[in-house]
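In what follows, a single structure is set out as structure tokens and then discussed.
The values are calculated or read from the model by the stated rules, or taken from the named source; none is laboratory data. If you're wondering where the values come from, they're calculated on a predicted model, not measured in any experiment. Note that we place each Cβ from the backbone using ideal geometry, even for glycine, and neighbour counts take in every protein chain shown. The protein model used for the area step is the full one, side chains on, heavy atoms only, and it has no ligands, DNA or RNA in it. Shrake-Rupley method; radii C 1.70, N 1.55, O 1.52, S 1.80 Å.
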Amino acid sequence: MATLLEQLRGMTTVVADSGDINSIIQFKPTDSTTNPSLIEAAAQMPAYAPIVDSVLMQAREEAGSQASDREVATRAFKSLAVAFGKKILDIVPGRVSTEVDARLSYDTEKTLVQARDIIGQYDKAGIGRKRVLIKIASTWEGIKAAEILEQEGIHCNLTLLFGLHQAIACAEAKVTLISPFVGRILDWYKKDTGKDYAGADDPGVQSVTTIYNYYKKFGYKTQVMGASFRNIGEITELAGCDLLTIAPKLLAELDSSTADLPKKLDASKAAAMNIEKIPMDKATFDKMHAADRMAHDKLKEGIEGFSKALEDLEKLLAKRLSEISEKQTVGAH
């Protein structure tokens, strides 16, 4: 009998949630996605030292000798994300998601500048725009930036998505893809209620199911990619979702089990459901966001978490840069 992973692939596009090239080679996903924490983890693996070092030297050259290690490291992050992205695109047949600096999440203009810079680096490397998704946090400002980028032919993946209001705003903005965070929603409810949840009762599963059905009911083109899973039960409950991005550990679990996998999400069934359409503008978005404690807390926490991971990565890069400089100085004497 086919494994759960094989059955899942028959109804859902499987994406690897990893910056580790080796696990991407192992599980052969269609697409792959990275974020600062994943890149930070990969950047500390000896196997990727050559990628990290060459990006740092390039950034040092571009920034000029007056720039501090910290300034060079900040500059290098974007190039490093693209360098890992290019490497991943050599392996996966589909797309890679590359993230805009989370510290710009409430600034539409700065998000636009950085997104265009990232896509420019891929353009320069001869990688077509169909193969890249720019990852932006689902704030109102981020969604507005994505709307403009989509009009320019730059495809976006809206991340840190926890509430229906965020999902509707993204669909109205015609973004390519959204990533609702299943596991983080579960974490919040477990902490808030002190209860455990499983299967269809999981609030993260329910959230993605609601969003999926809403999109299919009203014929939105935006795709739903469930993300941030805590166990394979959450994944099997969302079989049939457009895409699911899964960490290597859970991909391995799915690949070693042979239970039967029924399709849980179905676009044709959703089209027949009785769902009310919610018109979305900034006032409605803000009101719904304030009323949804979970979405409010998790968006704030997620942006802070990604920002911290980015700062940690910059420190790591600055340290590596000074090590390289010392080596070169010693070598020159």
- Message: Could you check segment 266-300 and list, in sequence order, the residues that are charged (D, E, K, R), exposed (fewer than 15 other Cβ atoms within 10 Å of the Cβ) and over 17 Å from residue 211 (Cβ atoms)?
- Response: 281, 282, 286, 287, 293, 300
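Being more than 20 Å from residue 231 (Cβ to Cβ), modelled with pLDDT of 85 or more and open to solvent by less than 70 Å² (accessible area, probe 1.4 Å): is that true of residue 55 here?
For residue 55, the condition - more than 20 Å from residue 231 (Cβ to Cβ), modelled with pLDDT of 85 or more and open to solvent by less than 70 Å² (accessible area, probe 1.4 Å) - is met.
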- Selection count where residues are under 16 Å from residue 246 (Cα atoms) and not aliphatic (A, V, I, L, M), scope segment 167-188: 5
- So residue 77 clears everything in (1) modelled with pLDDT of 90 or more; (2) within 19 Å of residue 48 (Cα to Cα); (3) open to solvent by less than 50 Å² (accessible area, probe 1.4 Å) except one condition, right? Which one? (1)
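From the list 37, 23, which one is under 15 Å from the mean Cα position of the chain (by Cα) and either under 23 Å from residue 95 (Cα atoms) or part of a helix (DSSP H, G or I) (or both)? Let's see the steps before the verdict.
Values: 23 fails: under 15 Å from the mean Cα position of the chain (by Cα).
Sole residue among the options that is under 15 Å from the mean Cα position of the chain (by Cα) and either under 23 Å from residue 95 (Cα atoms) or part of a helix (DSSP H, G or I) (or both): 37.
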- Task: Would you check if residue 84 is under 19 Å from residue 155 (Cβ atoms) and open to solvent by less than 50 Å² (accessible area, probe 1.4 Å)?
- Result: yes
- Note on the structure: Reported set for segment 40-52 where residues are open to solvent by less than 50 Å² (accessible area, probe 1.4 Å) and either of a type in the set (D, E, K, R) or more than 24 Å from the chain's Cα centre (by Cα) (or both) is 40
- If you go through 286, 312, the only one that is under 19 Å from residue 143 (Cβ atoms), acidic (Asp, Glu) and part of a helix (DSSP H, G or I) is 286
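Please specify each residue of segment 4-20 satisfying the condition of being outside any loop (DSSP other than H, G, I, E, B), touching a strand residue (DSSP E or B) at 6+ places or on another chain (Cβ under 8 Å) and either farther than 20 Å from residue 264 by Cβ or open to solvent by 10 Å² or more (accessible area, probe 1.4 Å) (or both).
Once the filter is applied, which keeps residues that are outside any loop (DSSP other than H, G, I, E, B), touching a strand residue (DSSP E or B) at 6+ places or on another chain (Cβ under 8 Å) and either farther than 20 Å from residue 264 by Cβ or open to solvent by 10 Å² or more (accessible area, probe 1.4 Å) (or both), segment 4-20 yields 13, 16, 17.
Per-residue answers, yes or no, for (1) modelled with pLDDT under 95; (2) within 30 Å of residue 4 (Cβ to Cβ):
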{"site": "262", "(1), (2)": "no, yes"}
{"site": "266", "(1), (2)": "no, yes"}
{"site": "274", "(1), (2)": "no, no"}
{"site": "304", "(1), (2)": "no, no"}
{"site": "310", "(1), (2)": "yes, no"}
{"site": "318", "(1), (2)": "yes, no"}
{"site": "327", "(1), (2)": "yes, no"}
- Task: Of the numbered conditions (1) more than 26 Å from residue 156 (Cα to Cα); (2) under 23 Å from the mean Cα position of the chain (by Cα), residue 57 fails exactly one; give the number of that condition.
- Result: (2)
